[in-house]
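> Sharing a structure below in structure tokens format, with a few things to ask.
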Amino acid sequence: MALKRHECLAKRLVREPELARVLQEKIADYKAKGYIRKLSKQEEAMHKGRSWYLPIFPVVNLNKPGKLRMVWDAAAKVGRVSLNSFLLKGPDQVTPLPNVLQRFREYRIAVSGDIREMFHQVQINNEDQHSQRFLWNDGILSDTPTVYIMQVMTFGASCSPSSAQYVKNLNAGRFKNQFPEAVEAICNGTYVDDMLYSVESEEEAVKLAQDVRFIHAEGGFEIRGWLSNSKKVIDVMGDHSSSQKDLNKPGELATEKVLGMWWDTVSDTFTFKIPQRCKHELLSGQEAPTKREVLRILMSVYDPIGLLANVLMFLKVLLQDIWRSNVGWDEPIADQQLEKWRTWLSVLHNVETVSVPRCYRTMTTSSAKSNEIQLHVFVDASENGYAAVAYFRYEEGNTIECAFVTAKTRVAPLKYVSIPRLELQAAVIGTRLAKAIGETHRIAVQKRFFGLIREMFFVGCVRITGNTASTSAPELAKFWKTVNFRNGSGFRQK
């Protein structure tokens with residue numbers, strides 16, 4: 001199996017000389033770094049333990065031109081058996097992506113960096129290395145392939161993500177007493193190999209970055225590619241080359257891509273871009289999309305923390321409407337849905353003009369003594385779906401500012417559900433959202449407010465301080481007087 005896959009790769013390299021050149025350079029680089037080692041004929045013959053041969057193939061990311069990644073296919077099967085079928089996946093130790101991004105927005109100075117070739121920094125036990133054999137002949141089709149072994153973790157093995165995270169966190173844990181803030185950033189502010197963290201001052205940011213770099217170096221990791229909205233942090237970390245990535249079209253603002261989000265480090269805002277992989281005829285409304293294409297475009301708009309939830313909700317409802325029409329996956333949608341599609345496209349083109357401040361605060365301080373922080377969660381429902389949205393409200397003296405935190409939207413089930421029941425579902429996701437925000441953020445929230453929005457008006461609010469409801473009889477009476485209940489003849493107060 002591995003030999004046949006190798007022959008297919010060799011033929012491809014003959015057809016694509018540039019790919020062959022890059023792949024040969026990558027293999028030579030891995031040799032120099034000690035990631036791989038060529039087996040001698042004698043060593044290959046003398047080994048009596050278990051062994052397995054992994055096919056290899058290159059992967060190119062369209063968003064990162066010029067960067068090639070090697071994958072060792074541990075899922076390749078022979079007789080329904082693969083290397084991955086003998087490996088335990090392990091527990092999911094990756095910090096959830098929304099949690100990392102929300103912590104990234106808490107304080108004024110943001111710092112970002114990524115670990116170089118994280119999986120390849122973790123060595124495999126000697127007795128297990130022969131289970132990561134692969135064939136390579138420098139891309140020459142006529143040559144007999146040579147047997148190599150991979151001495152470090154690979155991209156493709158099911159256990160690699162969990163094991164790499166464990167090693168990273170285990171190494172950081174040794175310095176918990178010495179560098180508590182840096183350890184917190186490594187363990188809870190890192191998604192796989194990308195660290196995103198925020199602190200209040202430039203001095204804190206510089207110390208954090210230096211401490212994180214030291215801790216990683218002690219475990220054999222190298223963190224680089226430093227980004228920050230502070231020029232002082234970039235100057236001190238001395239990583240100018242990797243901090244100036246050219247990810248923009250000519251004439252566009254300098255933005256960096258962090259965990260899929262476009263971050264303008266100059267204005268310190270998140271911006272959005274329309275997916276370039278979609279056909280121009282579809283995005284311009286000239287061509288009617290199929291159901292498959294509508295779903296593809298919906299999934300290609302990256303919004304992990306719900307900053308575009310209101311825009312994407314319309315398309316979710318439209319996709320459900322298309323589903324009800326029983327149109328095939330590759331059939332154009334009906335004229336009625338096409339009209340709604342074009343309406344949504346007119347809004348989509350304005351997405352690139354949207355910018356959301358990265359930091360929740362622009363005027364108030366982070367002092368918990370002088371700044372009262374409140375969490376407001378609003379929910380609503382209609383026959384099409386239900387949603388919850390959360391805001392932070394900062395009050396310091398006479399200064400008040402509010403910040404959008406996150407939002408969740410759900411379409412109503414295909415089977416009919418009454419509006420009151422959907423509103424209860426909205427209340428459920430609203431309370432879950434508040435709980436997740438409280439557990440994720442380092443911000444100390446003094447008060448929490450939960451509100452139901454009915455007919456575009458805020459009609460009720462129950463204040464909760466800590467875990468104790470603090471509603472008095474007059475407050476409850478006022479609350480219930482403002483709640484409208486619909487009956488057969490219209491509205492009445494209860």
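> If you scan the range 75-112, which residues turn out to be within 18 Å of residue 209 (Cα to Cα) and either without any contact (Cβ under 8 Å) to a residue 60 or more places away in the chain or of a type in the set (Phe, Trp, Tyr) (or both)?
Of all residues in the range 75-112, those within 18 Å of residue 209 (Cα to Cα) come to 100-101, 103-112.
Answer for the range 75-112, where residues must be within 18 Å of residue 209 (Cα to Cα) and either without any contact (Cβ under 8 Å) to a residue 60 or more places away in the chain or of a type in the set (Phe, Trp, Tyr) (or both): 104, 107.
> Looking at the range 274-287, I want the residues that are at positive phi and have a partner that is polar (S, T, N, Q) with Cβ atoms under 9 Å, at least 6 apart or on another chain. Which pairs are those?
285/346
> Between 343, 353, which is modelled with pLDDT of 90 or more, of a type in the set (Ser, Thr, Tyr), open to solvent by 60 Å² or more (accessible area, probe 1.4 Å) and out of contact with any Gly (no Cβ under 7 Å at 6 or more places or on another chain)?
Details: 353 fails: modelled with pLDDT of 90 or more.
Residue meeting the stated conditions: 343.
> Give the residue that is least open to solvent (accessible area, probe 1.4 Å), with candidates limited to residues of the range 59-107 that are under 23 Å from residue 5 (Cβ atoms) and among the β-branched types (Val, Ile, Thr).
71
> Right, here's the next one. Could you please find all residues in the range 400-411 being surrounded by 14 or more Cβ atoms within 10 Å (Cβ to Cβ) and free of Cβ contacts under 8 Å to residues at least 40 places away in the same chain? Write out each step before concluding.
Going residue by residue through the range 400-411, those that are surrounded by 14 or more Cβ atoms within 10 Å (Cβ to Cβ) are 401, 403-411.
Scanning the range 400-411 gives a single hit, 410.
> Among the numbered criteria (1) charged (D, E, K, R); (2) at pLDDT below 90; (3) open to solvent by less than 30 Å² (accessible area, probe 1.4 Å), which single criterion is violated by residue 245?
The one condition residue 245 does not meet is (3).
> Here's another thing I want to ask about it. Out of (1) within 17 Å of residue 150 (Cα to Cα); (2) in contact with a helix residue (DSSP H, G or I) (Cβ under 6 Å, 6 or more places away or on another chain); (3) not basic (Lys, Arg), what's the single condition that is false for residue 13?
(1)
> Can you name every residue in the range 1-58 that is part of a strand (DSSP E or B) and open to solvent by less than 90 Å² (accessible area, probe 1.4 Å)?
Of everything in the range 1-58, those that are part of a strand (DSSP E or B) and open to solvent by less than 90 Å² (accessible area, probe 1.4 Å) turn out to be 36, 37, 53, 56, 57, 58.
> OK, next. Could you list, in sequence order, all residues of the range 211-242 that are closer than 20 Å to residue 192 by Cβ and at pLDDT below 90?
Of everything in the range 211-242, those that are closer than 20 Å to residue 192 by Cβ and at pLDDT below 90 turn out to be 239, 242.
> Hey, among the residues in the range 260-316 that are under 21 Å from the mean Cα position of the chain (by Cα) and of a type in the set (Val, Ile, Thr), which one's farthest from residue 345 (Cα to Cα)?
The extreme case among them is 265.
> On to the next question. Where in the range 113-228 are there strands (runs of 3 or more DSSP E), lying wholly inside it, with at least 1 residues that are in contact (Cβ under 8 Å) with a residue 24 or more places away in the chain and surrounded by fewer than 18 Cβ atoms within 10 Å (Cβ to Cβ)?
Working: elements: 133-136, 146-150, 194-199, 223-228.
Once the strands (runs of 3 or more DSSP E) in the range 113-228 are filtered for at least 1 residues that are in contact (Cβ under 8 Å) with a residue 24 or more places away in the chain and surrounded by fewer than 18 Cβ atoms within 10 Å (Cβ to Cβ), what remains is 146-150, 223-228.
> Is at least one residue of the range 32-40 at pLDDT 90 or above, more than 19 Å from residue 143 (Cβ to Cβ), touching a His at 6+ places or on another chain (Cβ under 9 Å) and of a type outside the set (Phe, Trp, Tyr)?
Checked the range 32-40: at least one residue is at pLDDT 90 or above, more than 19 Å from residue 143 (Cβ to Cβ), touching a His at 6+ places or on another chain (Cβ under 9 Å) and of a type outside the set (Phe, Trp, Tyr).
> Run residue 281 past the list (1) surrounded by 15 or more Cβ atoms within 10 Å (Cβ to Cβ); (2) more than 30 Å from residue 441 (Cα to Cα) and report the number of the one that doesn't hold.
With respect to (1) surrounded by 15 or more Cβ atoms within 10 Å (Cβ to Cβ); (2) more than 30 Å from residue 441 (Cα to Cα), residue 281 is out only on (1).
> Would you check which residues across the range 367-399 are under 26 Å from residue 228 (Cα atoms), more than 24 Å from the chain's Cα centre (by Cα) and open to solvent by 50 Å² or more (accessible area, probe 1.4 Å) and list them?
Within the range 367-399, 368, 393 qualify.
The values are calculated or read from the model by the stated rules, or taken from the named source; none is laboratory data. The shown structure was predicted, so the numbers you read here are calculated from the model rather than taken from an experiment. Cβ: placed from backbone, ideal geometry, glycine included. Neighbour counts: every protein chain shown. Keep in mind that these areas ignore ligands, DNA and RNA; they rest on the heavy atoms of the full protein, side chains included. Shrake-Rupley method; radii C 1.70, N 1.55, O 1.52, S 1.80 Å.
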